[in-house]
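The values are calculated or read from the model by the stated rules, or taken from the named source; none is laboratory data. Here the structure is a predicted model, which is why all the values come from computation and not from measurement. Counting neighbours? That spans all protein chains shown, and the Cβs are built from the backbone with ideal geometry, glycine included. Just the protein is used for accessible areas: all its heavy atoms, side chains included, with ligands, DNA and RNA removed. Shrake-Rupley method; radii C 1.70, N 1.55, O 1.52, S 1.80 Å.
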Amino acid sequence: MDWNDLRYFLAVARSSSLTQASADLRVSQSTVSRRIAELEASIGMTLFQRHQTGYFLTDEGRVVLRHAELVEDSVMALERGAAGLDKKPTGTVRLATSENLATDLIIPALPAFRDRYPGICLEIVTSTVAAELGRREADIALRVVRPTRGNLKVRRVGHMTYSVYGSRDYVEKHPVIEGEPLGGRHFIAWDDSHAYMPAAAWLSREHPGCKIALVTSSLPTQIAAVRAGLGLAVIPDFLAVEDDFVRLIPPDQMFSAEVWLVTHADLVASARVRAVSDFLADQVMAANPALSGHETSI
C-alpha cells in the first residue's frame with residue numbers, strides 16, 4: 001500500500017466530494033479518483049459508494065477512516081516534534097486569526113518584525129472558523145475564543161471591548177423612535193452561519209425584534225456598511241477610533257472578549273514559533289492600549 005494514498009482517502013471521506021478534495025489537495029480530480037481506486041485495490045475493499053451527489057463511506061470505509069486518522073495524528077505529531085527542534089528563528093510560521101486583527105493589528109507591525117527576523121516567512125490565514133492546530137492548519141492562533149481542548153499552550157494577551165456604533169450622518173437622519181427596539185434604527189447583522197459569534201448572540205438576546213438593514217459574514221463588511229450609513233453594528237472599540245462613528249451603546253452595557261494567543265504544546269520550543277508568539281504579544285498587542293495580559297496549558 002502507498003501510505004500517501006491515505007491523504008487522498010481522508011480528504012474525500014471528510015468532504016464526500018472529489019471536487020472539494022482535489023481543491024484541498026491542489027491536484028486534479030482524476031488524480032484523486034485514481035489514488036482512491038489504487039488504495040481500494042491494494043487493500044481489497046470498496047471504501048466509497050459512488051453517487052451523483054458525492055462519495056459516501058461504506059461500512060469498511062468507516063473502519064478504515066478510524067485507522068487512517070490515527071496514522072494522520074501520528075504523522076502530524078512527528079511533524080510538530082521535528083518543527084519544535086529548530087534552534088534558529090528561520091522558516092515558515094502559519095498564523096490563524098480574524099481578518100480585522102490581521103489587517104488592523106498584525107500587518108501594520110510586520111515591517112518591524114521583518115527587520116528583526118528576516119529568515120521567517122509568516123503565512124496569515126484569516127477566518128471566523130477556529131483553525132485546528134493539532135492538524136497543522138496553523139502553528140499559532142490569535143483568537144477571541146479560548147480553546148477548551150487539545151494539547152495547547154494558551155496565553156492571554158489582551159482584552160477587547162465592543163460597542164454599538166452608527167455613522168454620524170445616519171444617526172442625525174434617523175432620530176430615536178420611542179418604544180422601538182434600538183430606537184427604530186436599522187441594524188447590520190451576522191448571517192445564520194455566524195450565529196455563535198458574540199455580537200450575533202447579543203443582538204438575538206437583547207434586541208430580537210430590531211429592523212435588519214443588511215446581513216453579512218464578515219466584520220469588515222459590517223464596518224463598511226456603517227460607514228456607508230446603512231445602520232448600526234457591533235464593532236470592537238479599537239477598530240472604531242479612526243472613523244467618525246457615534247457610540248450609541250457603550251461597552252459597559254455590552255460584552256467583552258479576551259484575546260488569546262494559542263500554540264500547540266509541541267511547538268513552544270521552536271525558535272521561529274516563539275519569535276512570532278513573543279512579537280505578537282509584546283509588540284502588536286502591547287502597542288495598542290485599547291486592547292491592554294499569563295500562560296496556561298490545556
If you scan the range 177-189, which residues turn out to be surrounded by 15 or more Cβ atoms within 10 Å (Cβ to Cβ) and touching a Cys at 6+ places or on another chain (Cβ under 9 Å)?
PRO181, LEU182, ARG185, HIS186, PHE187, ALA189
Cβ contacts < 6 Å: first residue buried (at least 23 other Cβ atoms within 10 Å of the Cβ) and part of a loop (DSSP other than H, G, I, E, B), restricted to the range 253-272; second residue at pLDDT below 85 and not hydrophobic (A, V, I, L, M, F, W, C), any location; separation 6+ or different chain. Result?
SER270/GLY84; SER270/ASP86
Check whether at least one residue in the range 52-62 is of a type in the set (D, E, K, R), crowded, with 17+ Cβ neighbours inside 10 Å, part of a helix (DSSP H, G or I) and at pLDDT 90 or above, and report yes or no.
no
Go through the range 241-282 and give me each residue that's closer than 27 Å to ARG116 by Cβ and among the small types (Gly, Ala, Ser).
ALA265, ALA269, SER270, ALA271, ALA275, SER277, ALA281
Where a residue in the range 113-137 is open to solvent by less than 80 Å² (accessible area, probe 1.4 Å) and its partner, wherever it lies, is at pLDDT below 60 and assigned to a helix (DSSP H, G or I), with Cβ under 8 Å and at least six apart:
ARG136/ARG80
Considering the range 1-59 alone, what residues qualify as being among the small types (Gly, Ala, Ser) and more than 17 Å from GLU69 (Cβ to Cβ)?
SER17, SER22, ALA23, SER28, SER30, SER33, ALA37, ALA41, SER42, GLY44, GLY54
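Rundown of residues vs (1) in contact with an Asp or Glu (Cβ under 8 Å, 6 or more places away or on another chain); (2) of a type outside the set (Val, Ile, Thr); (3) over 25 Å from THR263 (Cβ atoms); (4) outside any strand (DSSP E or B), yes/no style:
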| site | (1), (2), (3), (4) |
| --- | --- |
| ARG149 | no, yes, no, yes |
| VAL157 | no, no, no, no |
| SER163 | yes, yes, yes, no |
| ASP169 | no, yes, yes, yes |
| VAL176 | no, no, yes, yes |
| LEU182 | no, yes, yes, yes |
| ILE188 | no, no, yes, no |
| ALA199 | no, yes, yes, yes |
| PRO208 | no, yes, yes, yes |
Which residues, counting only those in the range 152-176, are more than 14 Å from ILE235 (Cβ to Cβ), open to solvent by less than 80 Å² (accessible area, probe 1.4 Å) and in contact with a helix residue (DSSP H, G or I) (Cβ under 8 Å, 6 or more places away or on another chain)?
LEU152, LYS153, ARG155, VAL157, GLY158, HIS159, HIS174
Is it the case that some residue within the range 4-25 is of a type in the set (Val, Ile, Thr), closer than 25 Å to GLU137 by Cα, over 30 Å from the mean Cα position of the chain (by Cα) and open to solvent by 60 Å² or more (accessible area, probe 1.4 Å)?
no
Cβ contacts < 7 Å: first residue modelled with pLDDT of 90 or more, restricted to the range 1-27; second residue surrounded by 15 or more Cβ atoms within 10 Å (Cβ to Cβ) and in a loop (DSSP other than H, G, I, E, B), any location; separation 6+ or different chain. Result?
PHE9/LEU47
In the range 216-252, which residue that is out of contact with any helix residue (DSSP H, G or I) (no Cβ under 7 Å at 6 or more places or on another chain) and acidic (Asp, Glu) is least open to solvent (accessible area, probe 1.4 Å)?
ASP252
Residue by residue through the range 190-210, note down the ones that are in contact with a helix residue (DSSP H, G or I) (Cβ under 8 Å, 6 or more places away or on another chain) and surrounded by 14 or more Cβ atoms within 10 Å (Cβ to Cβ).
TRP190, HIS194, ALA200, HIS207, CYS210
